[in-house]
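Report on the following structure.
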Amino acid sequence: MNLNHEAQIHYTVAFIGGFLGIFPIVNAAHFLGSAQTSNLIDIVLGALNGEANTVFLHAFGAFLYAFAVFLVTFLPKHSKANVKILAMLVDVSAGVAMWLFPTEKKLPLTVYLYPTFFAMAFQWCAFKGAYGFSSSTIFSSNNFRQFISALTEIFFNGDKSFSLKAKFFGITLLCFHLGLTLSWLSWHFFGNAGFLFVILPCATVVYYGKKTGSL
């Protein structure tokens, strides 16, 4: 596989991660659904407060996240499924689900996290990085850490060998936040229907991946 092609696909998938990642933020939940930390904390807090409904809603969200991880881990060893292509289909399905969600916020806020929980976990496990670097396409904490670390090595420790690492994580961060920005603009002008535009980058990944043999 051409490593440059792999990286270009990774950047596009990071764009998709940013594009879909803001759905619960701009709608109702007001926090990122790509990571599971807050959701697991809410399960514990709900249990401590005796709030059975809260525990159930967040526990089901954790199940969706875990089920996505299970599928990406299980399917390659028990079927001929291409989990990277499946991840793009899941992302498109998530975009459709986001479009269909009611904008009146009649549902419990946690429910607005469900499409993100499943789709982003599936995507994260299917696309793990490029150039030998492990990199998330659905949130930025580690990517930001790696980017700053690489810049420090280059400019303060004098080690130019970290240039590729800095470039890779820098572009990943840029693409993620570009996706987030364009998603917000799409949502601002088209409402939840704006998330349907995710079809374009997902189709691009599949087409380019097939053409270059990277998928």
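The values are calculated or read from the model by the stated rules, or taken from the named source; none is laboratory data. Owing to the predicted nature of the structure, the values given are computational and were not obtained by experimental measurement. Neighbour counts run over all protein chains shown; Cβ positions are idealised from the backbone, glycine included. Please note that ligands, DNA and RNA were not included when accessible areas were found on the heavy atoms of the full protein model with its side chains. Shrake-Rupley method; radii C 1.70, N 1.55, O 1.52, S 1.80 Å.
Thr137 passes every criterion in (1) in contact (Cβ under 8 Å) with a residue 24 or more places away in the chain; (2) more than 18 Å from Leu32 (Cα to Cα) apart from (2). Note on segment 156-191: among residues that are part of a helix (DSSP H, G or I) and small (Gly, Ala, Ser), the one that is farthest from Thr116 (Cα to Cα) is Ser161.
Checking each residue in segment 179-204 for being farther than 17 Å from Val96 by Cβ and hydrophobic (A, V, I, L, M, F, W, C) picks out Leu180, Leu182, Trp184, Leu185, Phe189. Consider Thr137 carefully, then state whether it is in a loop (DSSP other than H, G, I, E, B) and hydroxyl-bearing (Ser, Thr, Tyr). So Thr137 passes the test. Looking at Ala28, is it within 27 Å of Leu173 (Cβ to Cβ) and in contact with a Lys or Arg (Cβ under 6 Å, 6 or more places away or on another chain)? So Ala28 passes the test.
Residue count for segment 167-215 satisfying the condition of being open to solvent by less than 20 Å² (accessible area, probe 1.4 Å), more than 19 Å from His10 (Cβ to Cβ) and aromatic (Phe, Trp, Tyr): 1. Given the criteria open to solvent by less than 50 Å² (accessible area, probe 1.4 Å) and part of a helix (DSSP H, G or I), does Thr12 qualify? Against the criterion (open to solvent by less than 50 Å² (accessible area, probe 1.4 Å) and part of a helix (DSSP H, G or I)), Thr12 qualifies.
Residue-level check: of (1) open to solvent by 30 Å² or more (accessible area, probe 1.4 Å); (2) of a type in the set (Ser, Thr, Tyr); (3) more than 15 Å from the chain's Cα centre (by Cα); (4) farther than 26 Å from Phe169 by Cβ, Tyr131 misses just (4). Across segment 134-151, what is the number of residues that are open to solvent by less than 20 Å² (accessible area, probe 1.4 Å) and either over 15 Å from Val13 (Cα atoms) or more than 18 Å from the chain's Cα centre (by Cα) (or both)? Residues that pass the stated criteria total 1.
For first residues located in segment 25-38 and in contact (Cβ under 8 Å) with a residue 40 or more places away in the chain, partners that are among the aliphatic types (A, V, I, L, M) and buried (at least 20 other Cβ atoms within 10 Å of the Cβ) and lie 6+ apart or on another chain with Cβ distances below 6 Å form the pairs Ala29/Leu113; Gly33/Leu113; Ser34/Met120; Ser34/Ile138.
Beta carbons closer than 8 Å, at least 6 apart along the sequence or on distinct chains, pair a first residue in segment 63-80 that is more than 16 Å from Gln36 (Cβ to Cβ) with a second that is among the small types (Gly, Ala, Ser) and part of a loop (DSSP other than H, G, I, E, B) for Leu75/Ala81.
Report yes if Ile154 is more than 16 Å from Gly21 (Cα to Cα) and open to solvent by 10 Å² or more (accessible area, probe 1.4 Å), otherwise no. Answer is yes for this residue.
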